[in-house]
Structure formats: C-alpha cells, structure tokens
Amino acid sequence: MPRDRLFQPAIGDVALLEVVAIKDAGAFLGWGRPKDLLLPYSEQRGRPQVGQQVLVMIFEDDQGRPAASMRLEDFIVDQAEGLKNGDKVALVIGERTDLGIKAVVNQRFWGLLYHDELTRPLKRGQRAEGYVRRVREDGRLDLSLMPSGAEKQQLAAERIMDALQAKQGFLALSDKSSPATIKAQLGISKSAFKQAIGKLYKQRRIVIEAEGIRLTPSK
C-alpha cells in the first residue's frame, strides 16, 4: 500500500485534501476524521468547489481548533535552518515552475527540485523522501530525489542489477543511450548510470557489449 494512503494529516502538516462541503463558515475538507476540517474563506485562494483537491497547511486557530489554510506562504519559509548538504528530508510536492517543482521540506521550508533532478513523475500533494542537494548562500534549498556521492552510486547500481534480473540478464542501454531513455527505464540520470556500470564492470558483475550491458555469466 502506498505511503500516502497510510498518512493521516495532523496539525502542522501540509496535505492535499478534498473539499467535501461548502457552508457559511467556508469550505470543509475530508481529512480522515469524523469531523471535517474547516477551510475558512479568509484562508482560501479563489473559491474551491466540492470535489476539488487543495494543498493546505493544517494549523490551530485562535480558539485552539484545527483549521486549514491555502496560504502556505504564511507558514512555509524560503530560508532554511538546521539543514546541510546531503541531509535526508521529507517532501510534500507543490506547484510546477519554469525551473522545476517546488516542494515543502520537513513541513517548514520551501525547496526546489530542478527538472534534471526529477527521476520519476511527481504529483501535487504527493509525499516523498528527498535529499538536500545544496543549501544556497541565501538559505534556499536545492533538492534531489537521489542521495549524493557513494550512496547515490550504490542505489544506481542496485537499480541496474534489479533491471538486469528482470530482463533475463540483458539491458539494451549503453553510454550512447539518451538521458531520457535511461531515466525512463531505470529512474536515474545518465551520469549516475555511467558511474554505476563502470563500478559493476570493475567488480566483474556485468559485461559491457556494443548493444548494451549483460550480467556476467555464472561459472
């Protein structure tokens, strides 16, 4: 069962929730509890309709009651604190931009997944694990879905070996394959692919052929 289906949002979480009713006080959202969550008119952007999904922050109002807000900028900041390059983080996928996809990091900060870091399709509101690729001088976060360094290379090697096992020991991929083809089949970048097959070749786990790579025959 996907992680998102097991997740029950609480106060302090960003979540994609469905509008289930419109009343005088505002919109009401389903959030897995007997009493629906109020999205006051003052916390809306536009006027969401029943059946629409909205990305909201769940907060506690002045009377101590849970409520929702579509005004994420009031809760999520651009300048991150307490994170460093390579840290593993929890992401909630936000809106697309010209550069990539914005994501909420650890329910507190904005970060950006650049287009070339998108190793798989992502949907708004989806929850995912990610990594801090770089903390910029202004405190903003560049993100990745893959770990860096040796961990990234090991993960790429494991994906290649799993794919070889699933394809009867041969993959029609090489250093001449396009980045898009490699990403579509393995979910990794071309640079990660080349580094991983180099490592696997040195370990004598694969044979590199003109048309692709093959598992080393068992002796």
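The values are calculated or read from the model by the stated rules, or taken from the named source; none is laboratory data. Because the structure is a prediction, the values reported are computed rather than measured. No Cβ is skipped: glycine too gets one built from the backbone with ideal geometry, and neighbour counts run over all protein chains shown. Side chains are part of the model used for accessible areas, which takes the heavy atoms of the whole protein and leaves out ligands, DNA and RNA. Shrake-Rupley method; radii C 1.70, N 1.55, O 1.52, S 1.80 Å.
Table for the structure above
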| read-out | value |
| --- | --- |
| Percent accessible area from carbon and sulfur atoms, the chain, protein chains only, probe 1.4 Å | 48 percent |
| Pairwise FRET efficiency - residue 124 versus residue 210, Cβ, R0 = 41 Å, nearest 0.05 | 0.45 |
| Residues residue 177 and residue 138, FRET efficiency given R0 of 45 Å [Cβ-Cβ distance, rounded to 0.05] | 0.75 |
| Accessible area per residue, Å², the chain with all protein chains present, probe 1.4 Å | 58 Å² |
| Base-10 log of normalised Debye intensity for region 49-97 (one unit scatterer per alpha-carbon) at q = 0.15, 0.32 Å⁻¹ | -0.62, -1.26 |
| Using a Förster distance of 35 Å, the FRET efficiency for residue 154-residue 11 (Cβ separation, nearest 0.05) | 0.40 |
| Range of Cα positions in the chain per principal axis (Å), largest first | 73, 39, 28 |
| Cα shape, region 94-219, gyration tensor, a/c 1.5 rule | prolate |
| Distance in nm between pseudo-label sites at residue 74 and residue 49 (7 Å out along the Cβ direction from Cα) | 2.5 nm |
| Point-charge dipole on Cβ atoms (K/R +1, D/E -1) for the chain, about Cα centre, debye to 20 | 1220 debye |
| Accessible area (Å², 1.4 Å probe, nearest 10) - residue 110 | 40 Å² |
